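Written below as structure tokens is the structure these notes are about.
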Number of protein chains: 2
Amino acid sequence: MYDLLIHNATIVTMNADDDVLADAYLTVTDGAIAAINRHRVGTPLPAAAETIDAEGGIVLPGLVNAHTHMPMALFRGLADDLPLMTWLQEHIFPAEAAFITPEHVHAATRLACAELLMSGTTTCCDGYFLEDRVADAVDEMGLRAVLGQGVVDFPAPGVADPAHNVDVAAKFIDRWTGYRPLITPSIFCHAPYTCAPDTLRRAKSVAREAGALFQIHVAETREEVQRLKTEHGCTPVAHLDRLGLLAPDTLMVHCVWLEKDDIARAAGGGAAIVHCPESNMKLGAGIAPVPRLLENGLTVGLGTDGCASNNNQDLFKEMDMAAKLHKLAADDPTALPAKKALQMATIDGARAIGLGDVVGSLEAGKRADIIVLDSRHPRMRPMFNPVSQVVYAAGADSVRDTIVDGRVRVRNRELVGTDVATLITPVAAVARRILPPVVAD
Amino acid sequence: MYDLLIHNATIVTMNADDDVLADAYLTVTDGAIAAINRHRVGTPLPAAAETIDAEGGIVLPGLVNAHTHMPMALFRGLADDLPLMTWLQEHIFPAEAAFITPEHVHAATRLACAELLMSGTTTCCDGYFLEDRVADAVDEMGLRAVLGQGVVDFPAPGVADPAHNVDVAAKFIDRWTGYRPLITPSIFCHAPYTCAPDTLRRAKSVAREAGALFQIHVAETREEVQRLKTEHGCTPVAHLDRLGLLAPDTLMVHCVWLEKDDIARAAGGGAAIVHCPESNMKLGAGIAPVPRLLENGLTVGLGTDGCASNNNQDLFKEMDMAAKLHKLAADDPTALPAKKALQMATIDGARAIGLGDVVGSLEAGKRADIIVLDSRHPRMRPMFNPVSQVVYAAGADSVRDTIVDGRVRVRNRELVGTDVATLITPVAAVARRILPPVVAD
């Protein structure tokens, strides 16, 4: 007797052989995938406590959003279409200073988790402040996450004295290590221009001792590269390399402005990269050289970035955007094919954040993070190639069911066990204080 | 007694004053908008035969997809990530030659209409062959459409002898003029490189006499521009200008590769333009200079293009893509703000296809083409700015109800009066003949 059976499915495994099984079923025991099999006509299906009929739909590994700032859901749409520095200094920073409290972080993260689950994301990698409250919310909502307490060399929410920033992060890692099975603590240094060399070294040292992921924004804008060259005489990536940070378990986010040696350094050091195309486009930052990163053997995941710069956490849009953007950038419609975009949003993202052995593909023994797409929706038909369909045709509206660690968190497009209205109410209440209401709640 | 009342809404009118009304309601009589008003607390709502409670959601004019090839829904995902000529000559052209029959055009268009309605599009501008069957399907599904019979100087489905291509199109216009209130006939010349000068002149003459829209793909690729220069000694736009085609009621699709004089010519002639960012990206064609077109006073609508090169007809993705793409292209996060992207997908698109007085904004007297977005979805909250929310946060999954000409066509995310399975079955049957099935239907 299995805990869960998903049948009548086209299973896109994202395993090393790129197996796609039509007329297949998948079983789950104790939160792990027990087996994946073709279903021979006339043979009985295995018994299970809970059964999901995929109705011919596509079954995929849950998507992995490798870069989020979940609490920033609070600022979704607060300020758009503005010059970067105006946006940051006149809108986002003041709003953060005034409204990023433990309570608001918790409420906004719960809402962000609902958005993620309902759009097919089962794992995210987050970095922000007051990350304890992010972790509480994630724990409540049942998402899998790598969560990094933020480190920056100026006062931040929950870290009044920046001299203690790395200590606060170290304590966060201590507290959450082995505490909840779906939560993996991490450390998140904001950027090479907001953290001094010593801060970066100490943070990586803490991460290394804990076996934790070290996250950092790198080379997002040309201005950052110019600043690093002025202040440290080298590019941001070279700067990290000199500090010994380009090691495995280092996750470099953005990497838009890389010079030739940067890619070789990153590849040599074993760091992984997160590509956030929509955020980079919306802020006018540029296009990360993803095809060259891949040619150089780097692992590249896909991230939405926070809601303040996207303004959604929909990885279906992000996959489509990535695949199309790099065709445009390369002037080549064969660049970044659908399969690679889907790998970035699943197995490659899982590897990038250190969970490649746990999730990211559907294989016996891996944890049961699974999504079921509705193939009875007009936009999903006809169906010549499930992988192409997922990347270029599907949308968040294609996600019917979301399962994390064997537990059904979204069923028939509805969040299980949580009334969405209860997530919206507290966030709407804060929003009314941030700006006068345009919309009645 | 009104026919329809939509209340408890934030109404984004897209009128000339950019009015956004919170706590508002809208009434419909005989398929037209009767009035739009704020709802004063404690006052009764007007009586109506049918009432829709928007539950605080955003009410928008139905979206206008200014460039589709609906029958190509049959080839969604058939061939992707291929060089343009391989894609066209080895996959799309042979599939069209073998499978574009009147029956298949009808079936694929019905499926495409369902996708459009369910993702919030109430009007589209289409161009293809066997357009009579497209019109039948559109009429059955209740969409509003400008439909152009295709013209090309080689044999095409339904036009065995290209010598009669313009005559076939003229008869199509005759047949559908005034025949069905939601259908406006048009003529669609494929491109300046596939239609001889005389064909183009005759087609525009037919259109002019009928007061019909003349649609044409223009300057989609660099190769096209080079070819026109070789064959005609000038750019595609200059070529059309010499032929007297850059007049009002001419719709130029793509316009990716424009030279300096081209924009002035287009603006001077009064033609309108359709921007198809996703298709242009996916085929590696390039980026149309939309900000410059707008600066020069041109009307620019938004289109998805056909499903073979997108592979969806989701205008929410297209708006977001357009707004982000031009920020990237301009290296400026203030480029193509949300409001302009939404105008392109509503009122500007309506104007571009000749329906600016009929639809595209919510104003008393205009036809009642309306969509209701669900603001109780996590991705729609908080709500600081409804216009930004529609462009950057919403997705097709935000569309709850779709009303065309006063009739509810999608209610609570379900197509009204048509079982989607009956639309999928015939398309899936053809798809099995085009390629061996990967997925069981």
ask   = Heavy-atom accessible area per residue, the stretch A:1-110, 1.4 Å probe: how many Å²?
value = 39
Accessible area, probe 1.4 Å, largest first, for residues B:E55, B:E209 = B:E209, B:E55
ask   = Using the Karplus equation 6.51 cos²θ - 1.76 cosθ + 1.60 (θ = phi - 60°), what ³J(HN,Hα) coupling, rounded to whole Hz, does each residue of the stretch A:371-384 give in order, writing x for Gly and Pro?
value = 10, 10, 9, 7, 8, 9, 8, x, 5, 9, 10, x, 10, 8
Inter-label distance, nm, simple model (7 Å from Cα along the C-beta direction), B:D174/B:S205 = 1.6
task = Grab the residue from chain A whose Cβ hugs the A-to-B rotation axis most tightly, plus its distance in whole angstrom.
result = A:D397, 2
task = List the pair-distance distribution P(r) of the stretch B:82-124, using every Cα-Cα distance, as the percent of pairs falling in each 5 Å bin from 0 up to the bin containing the longest distance, rounded to whole percents.
result = 5, 20, 17, 15, 18, 19, 6
ask   = So how tilted is helix A:315-330 from the main axis of chain A? Cα-based, degrees 0 to 90, rounded to 10.
value = 70
task = Could you work out the Rg to Rh ratio of chain B, with Rh taken as the Kirkwood radius (inverse of the mean 1/r over all Cα pairs)?
result = 0.96
message = Ignoring ligands, DNA and RNA, please state the percent of accessible area on chain B from carbon and sulfur, probe 1.4 Å.
response = 50
note = Taking a label point 7 Å from the Cα of A:A421 along Cα-to-Cβ, the residues of the stretch B:362-395 whose backbone nitrogen sits under 16 Å from it are B:374-378
task = Starting from a label point 7 Å past Cα on the Cβ side, list the distances from A:E90 to the same position in the other copies, nm, shortest first.
result = 5.3
request  = Evaluate peptide B:67-80: per residue, the Cβ atoms of other protein chains within 10 Å of its Cβ; return the mean as an integer.
outcome  = 4
Once the Cα gyration tensor of the stretch B:190-335 is diagonalised, semi-axes √(5λ) in Å = 25, 16, 15
task = Considering only A:A421, A:A396, A:A308, give the residue with the highest GNM mean-square fluctuation for chain A, with springs between Cα atoms whenever their separation is below 10 Å.
result = A:A421
request  = Working from the alpha-carbon coordinates of the stretch B:89-179, get Rg over Rh, Rh being the Kirkwood radius.
outcome  = 0.98
Teacher prompt: A:R292 distances to equivalent labels in other copies, 7 Å Cα→Cβ, nm = 2.6
task = Give me the percent of DSSP beta bridges within the protein assembly as shown that run antiparallel, rounded to the nearest 5.
result = 40
Averaged over A:326-334, number of beta-carbon atoms from partner chains that fall within 10 Å = 6
Sequence-distant lysines (8 or more away, or on other chains) whose Cα lies within less than 30 Å of A:K366 = A:K171, A:K204, A:K317, A:K339, A:K340
query = Which residues, if any, in the stretch A:306-321 have at least 50 Å² less accessible area in the whole protein complex than in the isolated chain, probe 1.4 Å?
reply = A:K317, A:M321
remark   = In nm, the gap between the two label points placed 7 Å beyond Cα toward Cβ at A:L82 and B:E103 is 6.0
query = By how many degrees, 0 to 90 and rounded to 10, does the Cα axis of helix A:260-269 deviate from the longest principal axis of chain A?
reply = 60
For the stretch B:128-176 and the stretch B:1-72, distance of Cα centres in Å = 33
message = Counting C-alpha atoms alone, how compact is the protein assembly as shown: give Rg to one decimal and Dmax as a whole number, in angstrom.
response = 26.7, 81
query = Between the stretch B:215-288 and the stretch A:324-393, what is the C-alpha centre distance in whole Å?
reply = 35
Inter-label distance, nm, simple model (7 Å from Cα along the C-beta direction), A:T29/B:D30 = 7.1
message = With angles folded into 0 to 90 degrees, how steeply does helix A:420-434 sit against the dominant principal axis of chain A? Use alpha carbons for both and round to 10.
response = 20
ask   = Using a simple charge model, +1 on the beta-carbon of Lys and Arg, -1 on the beta-carbon of Asp and Glu, nothing else, what dipole does the stretch A:63-352 show about its Cα centre, in debye to the nearest 20?
value = 640
inquiry  = Per 0.36 nm of contour for each residue apart, how much would the distance between A:R38 and A:M1 grow if the chain were fully extended, relative to their Cα-Cα spacing?
reply    = 11.5 nm
inquiry  = What does the C-alpha gyration tensor say about the overall shape of the stretch B:145-196? Classify as rounded when a/c is under 1.5, otherwise prolate if a/b is larger than b/c, or oblate.
reply    = prolate
note = Length gained, A:D53-A:E223, 0.36 nm per residue minus C-alpha separation, equals 56.0 nm
key: Summed buried accessible surface, chains A and B, 1.4 Å probe, nearest 100 Å²   = 6100
task = Any chance you could look up the accessible area of A:R413 with a 1.4 Å probe, heavy atoms only, rounded to 10 Å²?
result = 80
inquiry  = Run the helix sum for chain A: -39,500 (n - 2.57) per DSSP H stretch of 4+ residues, divided by residue count, reported at 222 nm to the nearest 500 deg cm²/dmol.
reply    = -10000 deg cm²/dmol
remark   = Checked the stretch A:322-419 with the C-alpha gyration tensor, a ≥ b ≥ c its square-rooted eigenvalues, rounded below a/c of 1.5, otherwise prolate if a/b is larger than b/c and oblate if not; verdict oblate
task = State, to one decimal in nm and shortest first, how far the label point of B:E55 sits from each corresponding label point in the other identical copies (label point: 7 angstrom along Cα-to-Cβ).
result = 1.9
task = Have a look at the stretch B:371-410 and report residues whose accessible surface goes down by 50 Å² or more when the remaining protein chains are included, against the chain on its own, probe 1.4 Å, ligands and DNA/RNA excluded.
result = B:P378, B:R379, B:R381, B:P382, B:F384, B:Y392
task = Count, for each residue of A:423-430, the Cβ atoms from other chains sitting within 10 Å of its Cβ, then give me the mean as a whole number.
result = 3
task = Set the Förster distance to 51 Å, then compute FRET efficiency between A:E231 and B:D17 from the Cβ-Cβ distance, nearest 0.05.
result = 0.55
Accessible surface, 1.4 Å probe, highest first, among residues A:F99, B:F214, B:F154 = B:F154, A:F99, B:F214
remark   = If unit charges are put on Cβ atoms (+1 for Lys and Arg, -1 for Asp and Glu) and the dipole of the stretch B:63-352 is taken about its Cα centre, the option from B:T101, B:G270, B:C189 lying farthest towards the positive end turns out to be B:G270
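The values are calculated or read from the model by the stated rules, or taken from the named source; none is laboratory data. Here the structure is a predicted model, which is why all the values come from computation and not from measurement. Cβ: placed from backbone, ideal geometry, glycine included. Neighbour counts: every protein chain shown. Note: accessible area is taken over every heavy atom of the protein model, side chains too, but ligands, DNA and RNA are not part of it. Shrake-Rupley method; radii C 1.70, N 1.55, O 1.52, S 1.80 Å.
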